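Enquirer: I'd like to ask you about the structure that follows.
The values are calculated or read from the model by the stated rules, or taken from the named source; none is laboratory data. Just so it is clear, the structure is predicted and the values come from calculations on it, not from any experiment. As a convention, Cβ positions derive from the backbone with ideal geometry for all residues, glycine included, and neighbour counts pool all protein chains shown. Only protein heavy atoms, including side chains, enter the accessible area calculation; ligands, DNA and RNA are left aside. Shrake-Rupley method; radii C 1.70, N 1.55, O 1.52, S 1.80 Å.
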Amino acid sequence: MRNGVSAAIIVIAASWLVIPIAAQAPATAASAYRGARTPDGKPNLNGIWQTFSTAHWNLEAHTADDGVPAGQSVVEGNDIPYQPAALAQRRANFEKRTTADPLTKCHLPGVPRVTYIPFPFQIVQTPKYVSMLYEYSNVTRIIYTDGSPHPPPLDLWMGDSRGRWEGDTLVVDVTQLNELTWLDMAGNFHSDALHVTERYTPVDADHIRYEATLEDPKVFTRPWKLNLLLYRRLEQNLQILDYVCVDFIQRKYVTSK
Amino acid sequence: MGTVAGLVAAIVLLSLAPGFAGQAPAARPGAAGVYVPPRTPDGQPDMQGMWLPGGEGLPMERASIVAPAPAAGGDGAPAPAGGGRGGGGRGGAGPRPTMIVDPPDGKVPFQPWALARRAEIIDNQDKFEFVDPRVRCLPAGVPRVNLPIVFNTYQILQTPGHVVFLYEWSHLYRDIPLDGRPHVDPKIRLWMGDPRGHWEGNTLVVDSTNFTDKTHLLGNGAPPVGVPAGALTGGQGVFHSEALHVVERFTMANANTIAYEATLEDPKVFTRPFKIAWNAFQRAPKDHQLYEYACFEGDHDTVRRMTGVDIDPSLNVGGR
């Protein structure tokens, strides 16, 4: 009898352990992901990743140019839905892109651009934080996955990132982005009203589907989405090195008085 | 009775549940009263969390000469509290402890030519090629990134096979692999060096090479204007060559303190290895966060102000 009670309690206790996993069951069942998982049951994204696309040069479809590979659009629906004045601004940006692109000044690239500049980045995943270490200009992001809210409004180049797991997808809400970054080298841009929602969905151990939804009522007519694939870099002993563009840019432009 | 047994069983089960894995057992004192930190799920001593600089006010080095009356000025950066201007020996208080613990005289063991080079650096802070790399928003290097500087705080993350330091200062980071892989090719030079770590008991030992010769090793602010290099106690202008080799030791002294030691070796610049040590990391309040430290962005005046040389204004390099 005593043993029976004990056993019953153990079963109840054990069932409590199952509940957090069971709660994720519907999403997990729909996930094709069969790769490694962290001890807390999330897809294990630790490692070095990189996109291979032409988004860095131009998010939209474009013909090749000197140093620019031709590319198809990564924008859902092909074209970014600019308001008329913003479209004119984009054209003006394109004309002066070689000096006006904030990246030519070594400014922080913003989100989502940092994801698809042609440098690798490392994901460091713990239960409370998913940090991203970018080789380009030692940019870092710390995505809080501990349920904490965005802090009071700040003016940030890389925004403030708060994430949550929806099944096997890491969903990141990025706010408080300033208006000083561009989206690519072709003059695509946004305002300080930009709100980005990123979705990182691992499709297998070595590929993550990356989707970013951009909402900016000052610049776009509606929210729109870009789609990319992140590839795990599998070269042996590969590690993140550095690209300290501040040094390059200062040496290039400093002129003696 | 049965209920008690069941609860005990439940507690045992719960403690095995994945959700509880991050909540490591409370630390217990080691054999000799030495602090034994809790463990991460993969068995590393757990140093994770938010940390603030420790050791503020501790002079980095002992001055060779007594400074003349300090001139006003500098770049507005806070002078190191306590010992920034002349330091040891003044006021009859006797020598103060310094970060440099070896050699025992608390001085950087420069080779003679390097001592002269340091003086040249200190005397020419108004020139682009000499100015403190910190002023140019360049990466701090090692061990400088761990020095108590007013705008720095730290976050440590640990995953299987890695310890990662995130620094607020210029959004720097260090990923320290623990898998024993060799250093990268000597042709690759890195501003923050190439770190390789391993655990010796509860101490994280980090061996770093492949540095550039562009960073300064110490210094937590601008050198006070007009104070000769020999009178500095703030570590400014301590340059190095690409031969720099740094071995750091991080040990949790208690739940809220990480003791730090770094042995610095550069046979091209110093007469012998020297060692710095202090409690470099103090546990931050629970809700502490790292904020974005965009250094170069929007700071188009610094280089001009500090060096008298200008960045072509038509290029609007600085910013907003």
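Enquirer: Based on DSSP H runs of at least 4 residues, each adding -39500 (n - 2.57), what is the mean residue ellipticity at 222 nm of chain A after dividing by all its residues, to the nearest 500 deg cm²/dmol?
Expert: Numbers: 6 runs with 57 residues, N = 257.
That calculation yields -6500 deg cm²/dmol at 222 nm.
Enquirer: Going by average Cβ neighbours within 10 Å, how do the peptides B:284-293, A:238-247 rank, with the highest at the top?
Expert: Packing proxy ranking, top to bottom: A:238-247, B:284-293.
Enquirer: A follow-up question, please. Compute a Gaussian network model of chain A, connecting alpha carbons closer than 10 Å, and tell me which residue from A:ALA30, A:ALA186, A:ALA92 fluctuates the most.
Expert: Between A:ALA30, A:ALA186, A:ALA92, it is A:ALA30 that shows the largest mean-square fluctuation.
Enquirer: Which value, in debye to the nearest 20, gives the size of the charge dipole of chain A about its Cα centre, when Lys and Arg are +1 and Asp and Glu are -1 at the Cβ?
Expert: Values: 24 positive and 27 negative charges, 80 e Å.
The dipole of chain A has a size of about 380 debye.
Enquirer: Just counting partner chain Cβ atoms within 10 Å, what average do the residues of peptide A:157-170 show around their Cβ?
Expert: Taking the mean over all residues of the peptide, I get 1.
Enquirer: For the pairs A:LYS105/A:LYS252; A:LYS96/A:LYS218; B:LYS187/B:LYS275; B:LYS214/B:LYS268; A:LYS105/A:LYS218, note any where the Cα-Cα span goes beyond 19 Å.
Expert: A:LYS96/A:LYS218; B:LYS187/B:LYS275; A:LYS105/A:LYS218
Enquirer: Starting from the Cα coordinates of region B:90-208, work out the convex hull volume and express it per residue in Å³.
Expert: Numbers: hull volume 22.8 nm³, N = 119.
Taking only Cα atoms, region B:90-208 has a hull volume of 192 Å³ per residue.
Enquirer: Pull up all non-local amide H partners of A:LYS42: gap of 5 or more, or a different chain, and H-to-H distance under 5 Å with H placed in the peptide plane.
Expert: Under 5 Å from the amide H of A:LYS42 lies no amide H from a residue far enough along the sequence or on another chain.
Enquirer: For region A:206-257, state the semi-axes of the equivalent ellipsoid (square roots of 5 times the eigenvalues of the alpha-carbon gyration tensor), sorted largest first and rounded to whole angstrom.
Expert: 33, 27, 5
Enquirer: Using only Cα atoms, what Kirkwood radius does region B:199-261 have, in angstroms?
Expert: One decimal place: 14.1 Å for the Kirkwood radius.
Enquirer: Follow-up question, since we're still on this one. Within a 10 angstrom radius of each residue's Cβ in A:44-52, how many Cβ atoms of other chains show up on average? Whole number is fine.
Expert: Neighbouring Cβ atoms belonging to other protein chains average 1 per residue here.
Enquirer: Can you pull out the GluC sites (Glu not before Pro) in region B:103-189 whose DSSP state is coil and whose Cβ has at most 11 other Cβ atoms within 10 Å?
Expert: Answer by residue number: B:GLU129.
Enquirer: Select from A:THR54, A:GLN125, A:GLY159 the residue farthest towards the positive end of the dipole of chain A; place +1 on Cβ of Lys and Arg, -1 on Cβ of Asp and Glu, and compute about the Cα centre.
Expert: A:GLN125
Enquirer: Go ahead and run the numbers for FRET between B:ALA255 and A:ASN227, Cβ-Cβ distance against an R0 of 35 Å, rounding to 0.05.
Expert: 0.15
Enquirer: In addition: At a 1.4 Å probe, what is the % contribution of carbon and sulfur to the accessible area of region A:148-221?
Expert: The value for region A:148-221 is 56 percent carbon and sulfur by accessible area.
Enquirer: Can you tell me the alpha carbon radius of gyration of region A:187-234 divided by the globular rule-of-thumb value 2.2 N^0.38 Å?
Expert: 1.40
Enquirer: How are the Cα pair distances of region A:78-225 distributed, in percent, across 10 Å bins from 0?
Expert: 11, 40, 36, 13, 1
Enquirer: Then there is this: Work out which helices of chain A, taken as complete DSSP H runs, extend at least 20 Å along their axis over the Cα atoms and score a mean Kyte-Doolittle of -0.5 or more, then list them. Can you show the working numbers first?
Expert: On the way: long enough: A:2-23 (32 Å, 1.69).
The answer, listed by residue number, is A:2-23.
Enquirer: Per 10 Å bin, what percent of the C-alpha pairs of chain A does each bin hold, from zero upward?
Expert: 7, 26, 32, 20, 8, 4, 2, 1, 0, 0
Enquirer: For region B:148-230, state which trypsin sites (Lys or Arg not before Pro) are in a DSSP loop and have at most 15 other beta carbons lying within 10 Å of their beta carbon.
Expert: Sites meeting the loop and neighbour criteria: B:LYS187.
Enquirer: Relative contact order for region A:80-147 using alpha-carbon pairs under 8 Å, separation at least 6, rounded to a whole percent?
Expert: So the answer I get is 18 percent.
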